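Chemist: Pasting a structure here, questions to come.
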Amino acid sequence: MRFAKVFVALAATTLLLTGCASQKEPAEKAMAQAESALAEFRADAEKYAADELKSVDESITRLKNSLANKDYGAVVQAAPSLSATIATLKHTVESKKADAEAMMAAAQAEWSDVSAKVPQMVEAIQSRVDTLGKSRKLPAGLDKETWESVKTSFETMKTDWADAAAQFAAGQAGEAVRKAREVKAKGDLILSQLGMPPGP
């Protein structure tokens with residue numbers, strides 16, 4: 001009887017070890033597939049879905065710890081859920097990347113338009129400011145206070161435009177366009193204060 005109990009215990013241990021061994025390969029394979037799938041779009045994920053990527057990385061780390069502890073069953077059981085999460089993350093990243101690229105294309109198109117108009121506006125204002133600066137008398141409708149304000153605003157406008165151009169050159173099209181809109185609005189106001197027709 002005692003021998004029978006020992007035999008049963010040994011048999012159970014053997015089955016357990018065999019079961020663990022049989023799950024080792026699937027567990028290792030599942031982890032390798034998960035990490036490989038994530039590696040394919042990790043760079044984009046870091047840019048467009050950093051928080052979601054962090055959560056997935058934490059899940060992978062937990063399963064890698066289970067693998068190191070030879071808890072292969074836990075890895076095999078969790079693998080389908082992890083795979084689904086990675087697939088969802090990939091879809092999210094692709095969607096956000098497409099939106100960002102569309103916004104970038106729109107910003108670049110708007111920049112092409114405004115980068116042609118603002119320099120013309122600056123040139124026209126500069127010519128008028130130079131002419132009035134040489135004149136002994138300001139034209140009707142333009143008092144001294146407004147004239148001083150115009151000169152200050154125009155200098156700011158030129159600085160802001162240089163900043164916008166630098167932003168665009170650095171690949172920050174969205175920020176460049178936002179600043180360019182402000183510059184153009186300022187230019188339109190200056191033209192109005194100087195009694196000049198609206199800009200292009």
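Chemist: Could you give every pair whose Cβ atoms fall below 9 Å, whose first residue belongs to segment 17-32 and is at pLDDT below 95, and whose second residue is acidic (Asp, Glu), counting only separations of at least 6 or pairs across chains?
Modeler: Every condition considered, the pairs that remain are CYS20/ASP71; ALA27/ASP71.
Chemist: State all residues of segment 123-142 that are exposed (fewer than 14 other Cβ atoms within 10 Å of the Cβ) and either among the β-branched types (Val, Ile, Thr) or touching a Ser or Thr at 6+ places or on another chain (Cβ under 7 Å) (or both); if no residue qualifies, say none.
Modeler: The one that is exposed (fewer than 14 other Cβ atoms within 10 Å of the Cβ) and either among the β-branched types (Val, Ile, Thr) or touching a Ser or Thr at 6+ places or on another chain (Cβ under 7 Å) (or both): THR131.
Chemist: Is it the case that some residue within segment 147-157 is over 30 Å from GLN23 (Cβ atoms), outside the structural domain of ALA39 (by TED's automatic domain parsing) and touching a Phe, Trp or Tyr at 6+ places or on another chain (Cβ under 9 Å)?
Modeler: no
Chemist: Find the residue count for segment 146-200, including only residues that are over 33 Å from the mean Cα position of the chain (by Cα) and part of a loop (DSSP other than H, G, I, E, B).
Modeler: 6
Chemist: Show the residue pairs meeting these rules: Cβ distance below 7 Å; 6+ apart or different chains; first residue within segment 171-200 and farther than 14 Å from PRO119 by Cα; second residue basic (Lys, Arg) and assigned to a helix (DSSP H, G or I).
Modeler: What qualifies is LEU194/ARG128; MET196/ARG128.
Chemist: Kindly evaluate VAL56 against the criterion of being more than 28 Å from the chain's Cα centre (by Cα) and of a type outside the set (Lys, Arg).
Modeler: Details: more than 28 Å from the chain's Cα centre (by Cα): no; of a type outside the set (Lys, Arg): yes.
Against the criterion (more than 28 Å from the chain's Cα centre (by Cα) and of a type outside the set (Lys, Arg)), VAL56 does not qualify.
Chemist: Considering segment 27-51 alone, what residues qualify as being in a helix (DSSP H, G or I), closer than 14 Å to LYS90 by Cβ, more than 14 Å from the chain's Cα centre (by Cα) and acidic (Asp, Glu)?
Modeler: Listed by number, the list holds a single entry, GLU35.
The values are calculated or read from the model by the stated rules, or taken from the named source; none is laboratory data. Treat the numbers as computed from the prediction; the structure is a model and nothing was measured. Don't worry about glycine lacking a Cβ; one is built from the backbone with ideal geometry, like all the others, and counts go over all protein chains shown.
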